[in-house]
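All remarks here apply to the structure that follows.
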Amino acid sequence: MSTFAYFPHTEEDICKMLKRVGVSGLDDLYADVPADFIRKGDYDLPSALSEQEVRDFFESLALANPKLRVYAGQGAYDHYTPAVIPYITSRSEFLTAYTPYQCEISQGTLRYIFEWQTMICNLTGLDVANASMYDGATAAAEAMRMCVASCRKRNTVIASSSLLPNVLQTMRTYARFAGINLVETYDIMEAVCEGTLDLAGVIVPSINRYGIIESHDGLAQAVHNAGALLAMYCDPSALAVVKTPAEWGADIAVGDGQSLGIPLCYGGPYVGFMSCTQALMRKLPGRIVGQATDSDGKRCFVLTLQAREQHIRREKATSNICSNESLMALWCTVYLSIMGADGLRRVNSLSYAAAHSLHDALMETGRFEDPFEDQPFLKEFCLKPLFGNTGALQEALLEQGIFSALETEEGYLSFCCTEKARKEDLETIAQVARSI
Amino acid sequence: MSKIVDELLYSESHEWVKVDGNVAIIGVSDFAQSEMGDITYVDMPSEGDEVTKGEDFGALESVKASSELYSPVSGTVVACNLDLENAPEQINQDPYMAWIIKVEMADKGELGSLLNAVAYKEFIEK
Amino acid sequence: MRYYDKLVFELSREGRSAFSLPQAPDVCLPDSVSRKSALELPSLSEPDVVRHYTNLSQMNFGVDTGFYPLGSCTMKYNPKINEEIPGMFAGVHPLVPAGAVPGIRKIYEGIDSALAELTGMAHFTFEPCAGAHGELTGLMLIRQYHISRGDFARTRIIVPDSAHGTNPASAAVCGLEVVEVKSGPDGLIDVESLKPLLGPQIAGIMMTNPNTLGLFEKDIAQIASLVHGCGGLLYYDGANMNPLLGVVRPGDMGFDVMHLNLHKTFSTPHGGGGPGSGPVGVAPHLVEFLPEFGNRGELRVSGFHGNFGVILRAYAYILMLGRENVPMAGRLATLSANYIKESLKDCYRLPLQSICKHEFVFDGLVNDGARDGVPGATTLDVAKRLLDYGFHAPTIYFPLLFHQAIMIEPTETESLETLDSFIEVMRKIAQEAAQDPTLLRTAPHNTPIGRPDETVAARQPVLKWTKSN
């Protein structure tokens, strides 16, 4: 009989249970399944491994990837993870719980989500935030849907072409199937002022795909005059120092929480965030936690405003999301509790200093032009290489154990520095660039 | 036993209509509010919006349910009961006082297809 | 569990900090793009942070705490070796060229072929981050398939009335019109009701098999041939895959597209609601539309390569399970569910008597204790009383087919002793209900908080902390 570590059933147990059920063998439990469909013979899978063999297997695969120090961004940032975070998030009470349906035994989850919502509101300056989304790209797609759902009989959304490529691709996919008219352009102001009659929303980045902090003077007013909503895609770490979506007059803010200390981990799990003005509260998709009072008058927290959600609205729901990335929201919440406002500003100061130093060193090599000269950037920037083989720098750096110089669609090279940047790596990048 | 007010007209989706000249005052019946339970929010249109008979113009929400509101007549919304924004429980307390919207009717003839109190009573007892 | 009333903001003291970073000059950005408003975040020492979140965790119930028979959620044990794997890959940037991460490529190839073998699909995409996300992706693939053939009229999707609420929601988000097919008195799709719905506008049917009542749709072969016959495709909602793991493959039953919930069937932790992973598999004729395989559809449904950290854990589980243990997974889950069902059906109403799969549905108490002037105990009350006895509650009020639905799913990782003690408590609660339903109606009594006032919470929502609340 089975001696598999996760199956507690002894042979005796199985006999006892079969007897209670009134069948003579396990396969009798599948008597209602047409016999053709029952798998006969072994599955073509590897033989079961021991725990040590599993560990060895993954360790060898991990070693097969050369260890790289990261000086690239494009939506995934190599910020430092304080040791406290994995320690807290690996507590099994957090890790092995499900969605907090039974609030009486889920106050831990509900409280940290409430804290997360508060922190997202404070970072973006907006009034209300949800319990989180899958990632930044899907949060942007949900913001697009939310604009359309909030503006009756309007179906056009304008998106800035300067949004991250993967964010735009995700929005395009969602728009195509939902029948939303998604217009992509670099000249947002002109597109808004053209006066599209059924304009529902406009989505722009706070910091764009080139790392530039964009200026959106007057945009909110123009969008609101057109009867539409303004959504902004933001890097939450950068919001400690750059103008907030609320300060720009945006109605909705979205982005990826990854920059709040979540490891790169080849792209996930990350966590999307979404906040909005009070006026849009009932249109916000996803789970929301609210404060309540229990039967004894004690402060407690519950899932609230559920009448918006898919399990109640079914095909009338504006979103099909029925979960969140709770544990990753906890990850960011603990990060922000550790960093505080001063720490988060310090992260930006250090990233800024390293990125500007790399930028200047690369410009000094004479191998680049700056297509965005004099425009403000924080930790990420793009340069136009003056050498022909644009991929050569990335390849040469990989050999030095550095991942950087990502080629963009326009043929620029994208660089990024965080507080983890090492002086000697910055020198290596400039030196290699000089030799290309 | 649900309360039904004699002088009102009713739709099969449980809205009531009080006719005041060319204006239809619209709310939901006692039966509807009792089915919903404690109402937590009323989603209403804005003044000036067009509504069409049989199409939804808003929704009622309770903790665990949501129910669309269907317009019994076509026309233009001339008033919304903004008191309900902060006190949706008024619909539970007195559904026939707590009107939701007033509509300037485009075609009074549409009233003909609504149920009177007797017919509505029969309808909900079925 | 002990009630702990703090929020992190309430512990803040100016002058404390928990970060350790070198000094640096402030950023030098133009005033026009700089943040003006103060950023309010707590100022705490590291011990403050650790103690606060440890206290919060102690008001939570997880699979490691106790039995969690939440129907349709497959709360199986989360193996601890799995938790060690993601850290080995923590530093890999998602845009590193495939050629520079051969180890990661092998992982995607390995889990793809294992899932394909277990489900009878050809290949999987791993971009979707959750089950609902997988549904949406799968429906997109179905639409893309029809569109690529110039078959633009197929904009309707058939969904049974017993389906998970996400099915119609995902269909609507994908621009499909939902056509509902009724269940028969046996809880299964009524083939005769299905026939008139089929036609040239049908993109396909979404099915959960076994369905949300835990019953196997035994007419699946006929349904598949009818739907395929009208030009539609079959979508398999993998939320209920667990009883079929190692027993039956959706591909063999005729399904063209499906998703799996790695956080259900493949043992990855639910994390308080996520992160999950909802890979979508397709039959050979749809492979060209998968994001990574053909790009005929140019689909992208998330930022990078899906929740890699979750995918790693699931792969570790599959390797531990191996060819030898996989046939027992679904069978033991099914045995456990039937064992509970048979042990409680005299106290709880069992509307459908047949053998169930991994889960089943009761329709409330046989005797709810109602008498003159005393209302009886409802399903909600039974659920709340279970918390007092140290069990998580089952899924309640779903599926919608029954008014007092209690949906129980035990999984294959619970011992007979655990099942027996759950059965004993459920019987005790039934007895309590018959004698004193008020005891249940006021439960729970032994948890950090009592029942909350959800109506006030929804009427006057307080959704963030401010100094005044």
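The values are calculated or read from the model by the stated rules, or taken from the named source; none is laboratory data. All values derive from a computational prediction rather than experimental measurement. Note that we place each Cβ from the backbone using ideal geometry, even for glycine, and neighbour counts take in every protein chain shown.
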(request) Quickly run through the range A:33-50 and pick out the residues that are loosely packed, with under 11 Cβ neighbours inside 10 Å and outside any loop (DSSP other than H, G, I, E, B). (result) A:Ala35, A:Asp36
(message) Let me spell it out: the conditions are (1) buried (at least 22 other Cβ atoms within 10 Å of the Cβ); (2) of a type outside the set (Ser, Thr, Tyr); (3) under 24 Å from the mean Cα position of the chain (by Cα); (4) facing chain A (nearest Cβ under 8 Å), and C:Phe124 meets all of them except one. Which number is the exception?
(response) (4)
(message) Being farther than 24 Å from A:Ser259 by Cβ, among the aromatic types (Phe, Trp, Tyr) and buried (at least 24 other Cβ atoms within 10 Å of the Cβ) is the filter here; which residues of the range A:87-136 pass it?
(response) A:Tyr98
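Working only within the range A:46-68, note down all residues that are among the polar types (S, T, N, Q), at the interface with chain C (Cβ under 7 Å from one of its Cβ atoms) and within 9 Å of C:Met320 (Cα to Cα). If you could, list the steps in order and put the result at the bottom.
Applying the first criterion (among the polar types (S, T, N, Q)) to the range A:46-68 yields A:47, A:50, A:52, A:60, A:65.
Within this subset, residues satisfying the condition of being at the interface with chain C (Cβ under 7 Å from one of its Cβ atoms) are A:47, A:65.
Scanning the range A:46-68 gives a single hit, A:Ser47.
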(request) Have a look at B:Glu85, B:Glu61 and point out the one that is surrounded by fewer than 16 Cβ atoms within 10 Å (Cβ to Cβ) and within 14 Å of chain A (Cβ to nearest Cβ). (result) B:Glu85
(message) For the range C:85-94, which positions are in contact (Cβ under 8 Å) with a residue 60 or more places away in the chain and not in a helix (DSSP H, G or I)?
(response) C:Ile85, C:Pro94
(request) Answer with yes or no whether B:Ala24 is surrounded by fewer than 16 Cβ atoms within 10 Å (Cβ to Cβ) and in a strand (DSSP E or B). (result) no
(request) From (1) in contact with a strand residue (DSSP E or B) (Cβ under 7 Å, 6 or more places away or on another chain); (2) surrounded by fewer than 19 Cβ atoms within 10 Å (Cβ to Cβ), pick out the condition that doesn't hold for C:Val361. (result) (2)
(request) Residues being touching a helix residue (DSSP H, G or I) at 6+ places or on another chain (Cβ under 6 Å) and either facing chain C (nearest Cβ under 9 Å) or at positive phi (or both): count how many of those fall in the range A:139-170. (result) 4
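If we scan the range A:188-199, do we find a residue that is within 14 Å of chain C (Cβ to nearest Cβ), farther than 24 Å from B:Pro45 by Cα and outside any strand (DSSP E or B)?
Step one: filter the range A:188-199 for residues within 14 Å of chain C (Cβ to nearest Cβ), giving none.
Looking for residues that are within 14 Å of chain C (Cβ to nearest Cβ), farther than 24 Å from B:Pro45 by Cα and outside any strand (DSSP E or B), one finds none in the range A:188-199, hence no.
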(request) Those residues that are in a loop (DSSP other than H, G, I, E, B), facing chain A (nearest Cβ under 7 Å) and either of a type in the set (Gly, Ala, Ser) or in contact with a Pro (Cβ under 7 Å, 6 or more places away or on another chain) (or both), I need them from the range C:20-47; list them, please. (result) C:Ala24, C:Leu29, C:Pro30, C:Ser37, C:Ser43
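A quick yes/no check of all residues on (1) aliphatic (A, V, I, L, M); (2) crowded, with 17+ Cβ neighbours inside 10 Å; (3) at pLDDT below 95; (4) part of a helix (DSSP H, G or I):
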residue: C:Phe391; (1), (2), (3), (4): no, yes, no, no
residue: C:Phe398; (1), (2), (3), (4): no, yes, yes, no
residue: C:Met407; (1), (2), (3), (4): yes, yes, no, no
residue: C:Pro410; (1), (2), (3), (4): no, yes, no, no
residue: C:Glu414; (1), (2), (3), (4): no, yes, no, no
residue: C:Thr418; (1), (2), (3), (4): no, yes, no, yes
residue: C:Lys428; (1), (2), (3), (4): no, no, no, yes
residue: C:Thr447; (1), (2), (3), (4): no, yes, no, no
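Please enumerate the residues belonging to the range C:188-197 that are surrounded by fewer than 24 Cβ atoms within 10 Å (Cβ to Cβ) and in contact (Cβ under 8 Å) with a residue 24 or more places away in the chain.
Narrowing the range C:188-197 to residues surrounded by fewer than 24 Cβ atoms within 10 Å (Cβ to Cβ): C:190-197.
Residues satisfying the conditions are C:Val191, C:Leu194, C:Lys195, C:Leu197.
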(request) Give, as residue ranges, the helices (runs of 4 or more DSSP H) completely inside the range B:49-126 that count at least 3 residues that are more than 26 Å from C:Val456 (Cα to Cα). (result) B:117-125
(message) Checking the conditions here, which among A:Gly261, A:Gly249, A:Gly297 is more than 7 Å from chain C (Cβ to nearest Cβ), on the phi > 0 side of the Ramachandran plot and within 16 Å of the chain's Cα centre (by Cα)?
(response) A:Gly261
(request) For the range A:204-238, name all the residues that are within 13 Å of chain C (Cβ to nearest Cβ) and free of Cβ contacts under 8 Å to residues at least 12 places away in the same chain. (result) A:Ser215, A:Asp217
(request) Out of C:Tyr53, C:Tyr4, report the one residue that is at pLDDT 95 or above, more than 7 Å from chain A (Cβ to nearest Cβ), surrounded by 15 or more Cβ atoms within 10 Å (Cβ to Cβ) and over 30 Å from A:Glu247 (Cβ atoms). (result) C:Tyr4
(request) Filter the range A:96-113 for residues that are more than 7 Å from chain C (Cβ to nearest Cβ) and either in a helix (DSSP H, G or I) or within 19 Å of the chain's Cα centre (by Cα) (or both) and give the result. (result) A:Leu110, A:Ile113
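Return a yes/no flag: does the range A:254-262 have any residue that is in contact (Cβ under 8 Å) with a residue 24 or more places away in the chain, among the hydrophobic types (A, V, I, L, M, F, W, C) and not in a loop (DSSP other than H, G, I, E, B). Let's see the steps before the verdict.
Residues of the range A:254-262 in contact (Cβ under 8 Å) with a residue 24 or more places away in the chain: A:254-262.
Remaining after also requiring among the hydrophobic types (A, V, I, L, M, F, W, C): A:254, A:260, A:262.
Pick out the ones that are also not in a loop (DSSP other than H, G, I, E, B) and you get A:254.
Yes: one or more hits.
Out of C:Leu115, C:Leu139, C:Leu95, I need the residue that is among the hydrophobic types (A, V, I, L, M, F, W, C) and closer than 30 Å to A:Ser404 by Cα. Which one?
Details: C:Leu115 fails: closer than 30 Å to A:Ser404 by Cα; C:Leu139 fails: closer than 30 Å to A:Ser404 by Cα.
Testing whether each residue is among the hydrophobic types (A, V, I, L, M, F, W, C) and closer than 30 Å to A:Ser404 by Cα leaves just C:Leu95.
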(message) Scan the range A:308-322 and tell me whether some residue there is facing chain C (nearest Cβ under 7 Å), more than 24 Å from A:Val148 (Cβ to Cβ) and assigned to a helix (DSSP H, G or I).
(response) no
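Here is a yes/no grid of residues against (1) surrounded by 20 or more Cβ atoms within 10 Å (Cβ to Cβ); (2) facing chain A (nearest Cβ under 10 Å); (3) touching a helix residue (DSSP H, G or I) at 6+ places or on another chain (Cβ under 6 Å); (4) at pLDDT 95 or above:
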position: C:Asp372; (1), (2), (3), (4): no, no, no, no
position: C:Thr379; (1), (2), (3), (4): yes, no, no, yes
position: C:Ser421; (1), (2), (3), (4): no, no, no, yes
position: C:Arg441; (1), (2), (3), (4): no, no, yes, yes
position: C:Gln460; (1), (2), (3), (4): no, yes, no, no
(request) Search the range A:344-355 for residues that are under 14 Å from A:Leu239 (Cβ atoms) and pair each with any residue that is in a helix (DSSP H, G or I) when their beta-carbon atoms are under 8 Å apart and the residues are at least 6 apart or on different chains. (result) A:Leu344/A:Ala240; A:Leu344/A:Leu336; A:Arg345/A:Ala240; A:Val347/A:Ala240; A:Val347/A:Met339; A:Asn348/A:Ala238; A:Asn348/A:Ala240
(message) Which numbered condition in (1) farther than 21 Å from A:Arg313 by Cα; (2) of a type in the set (Lys, Arg); (3) touching a Phe, Trp or Tyr at 6+ places or on another chain (Cβ under 9 Å) is the only one that B:Lys102 fails?
(response) (3)
(request) Mind telling me which of the residues C:Pro102, C:Pro97 ends up being within 7 Å of chain A (Cβ to nearest Cβ), over 23 Å from C:Val280 (Cβ atoms) and surrounded by fewer than 19 Cβ atoms within 10 Å (Cβ to Cβ)? (result) C:Pro102
